[in-house]
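Q: Attaching a single structure in structure tokens format; questions to follow.
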Amino acid sequence: SSGINAEYGECSGTKKRSGKLGVWVIEPVKDGPGRDVLILYCHGASSNRGKPHRIEFYKVFQGLGYTLVTFDYRGFGDSKGCRASDGTVVADCRQVLGWAVQRFPNHQVVVWGHSLGSGISTKFLHSIQTDGIESFNRIRGLVLESAFMSAEEAAKNFPAAKYWNYFKITRDRIPRSMSGIFPTVSLLPQLQIPVMLVHAEDDHTIPHQHSVELHRVCTGAGKTDVHLYSASSGQHRFVHRDTGAREAAHKFIQRVKFVS
């Protein structure tokens, strides 16, 4: 485990403050096909990088020989500096990527975003691509697990949103409050790297149809390097338990690591 201390980003909207990001570097347990690839993992909204389902995920890919870098955004876990916002989480991803490519200069990088992390990772990669950040050249691909089209669309499935929809005066209030936040459906087709969508058909938190629609929009926009794997089980947090999903993601990473 290690921490990054840096002066960067905007907290509370205006002030720059120093922040500390809690990071784990998870080394492979054995030499394997993933030995020259680093997976930068962007977790979802709940708790921190140490949640049991995340530990389980790390172990799967650690066992395939991959190195993983997983971290908490400021405002999560042991990362300090400010409350998390859609801007600060992107700044945190940029900071961790810059740190990781220096520490592992000979590794190719695949970014993996789960749930909320799918929106964060897409926006983060789009930002460094747009800004011409050198570290973007180390990115070989993006895996989005249990992804949403946008935060606004995802919020329509929240239990609280469904409750308030019973009342005309509060109908759609929660989704509307998230308008414009993490617009994956508009950013993903613009990414100039291969993308894989992995989603369980029995996901009731973010329905599988979100990934189907993301795939449709990307291919319709002419993006040919986007792939969808629909897992028969796994619900929202355990797609890595599906043998087919694990194999599909592993094959995708092995294929794209040679792309430059």
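The values are calculated or read from the model by the stated rules, or taken from the named source; none is laboratory data. Model, not experiment: these values are computed from the prediction. Methodologically, a virtual Cβ is constructed for each residue, glycine included, from the backbone with ideal geometry; neighbour enumeration extends over all protein chains shown. Ligands, DNA and RNA are stripped out before the accessible areas are found, and what is left, the full protein with its side chains, is counted by its heavy atoms. Shrake-Rupley method; radii C 1.70, N 1.55, O 1.52, S 1.80 Å.
Q: Over 21 Å between Cα atoms, which of 30/59; 30/257; 59/123; 59/251; 20/257; 223/257 qualify?
A: On the way: 30/59 12 Å; 30/257 19 Å; 59/123 27 Å; 59/251 17 Å; 20/257 30 Å; 223/257 19 Å.
Violating the 21 Å Cα-Cα cut-off are 59/123; 20/257.
Q: For a paramagnetic label modelled at 7 Å from the Cα of residue 46 toward its Cβ, which residues of segment 196-218 fall within the zone defined by backbone nitrogen distances under 16 Å?
A: 200, 202-207
Q: Using R₀ = 25 Å, calculate the FRET efficiency as 1/(1 + (r/R₀)^6) where r is the Cβ-Cβ separation of residue 134 and residue 36; round to 0.05.
A: 0.80
Q: Show me, for segment 142-154, the HN-Hα J-couplings you get by feeding each phi into the Karplus relation (A = 6.51, B = -1.76, C = 1.60, θ = phi - 60°), rounded to Hz, glycine and proline as x.
A: For segment 142-154, the Karplus curve yields 9, 10, 10, 10, 6, 7, 10, 5, 6, 4, 4, 5, 5 Hz.
Q: Considering only protein heavy atoms, with the full assembly of protein chains and a 1.4 angstrom probe, order 31, 92 by accessible area, largest first.
A: Heavy-atom accessible area, descending, gives 31, 92.
Q: With θ set to phi - 60°, apply the Karplus curve 6.51 cos²θ - 1.76 cosθ + 1.60 along segment 70-84 and write out the HN-Hα couplings as whole Hz, x wherever there is a Gly or Pro.
A: Residue by residue, segment 70-84 yields 10, 8, 10, 5, 4, x, 10, x, 9, 8, 10, x, 5, 6, 5 Hz.
Q: Let me ask something else. Considering only protein heavy atoms and a probe of 1.4 Å, how much of the accessible area of segment 29-167 is carbon and sulfur, as a whole percent?
A: Working: 2760 of 5270 Å².
Roughly 52 percent, rounded to a whole number.
Q: Okay, moving on. Could you tell me which of rounded, prolate or oblate describes segment 50-159, using a ≥ b ≥ c as the square roots of the eigenvalues of the alpha-carbon gyration tensor, with rounded for a/c under 1.5 and, failing that, prolate when a/b is larger than b/c and oblate otherwise?
A: Rounded.
Q: Might you tell me the accessible area per residue for segment 186-260, computed with a 1.4 Å probe and given in Å²?
A: About 48 Å² of surface per residue is accessible.
Q: Taking only protein heavy atoms into account and a 1.4 Å probe, give the accessible area per residue of segment 81-130 in Å².
A: 33 Å²
Q: Using the beta-carbon distance between residue 25 and residue 59 and R0 = 22 Å, what value does 1/(1 + (r/R0)^6) give for FRET efficiency, to the nearest 0.05?
A: Computed FRET efficiency for residue 25 and residue 59 comes out at 0.90.
Q: Among 250, 53, what's the order by accessible area (1.4 angstrom probe), most exposed first?
A: Details: 250 40, 53 10 Å².
Correct descending sequence by accessible area is 250, 53.
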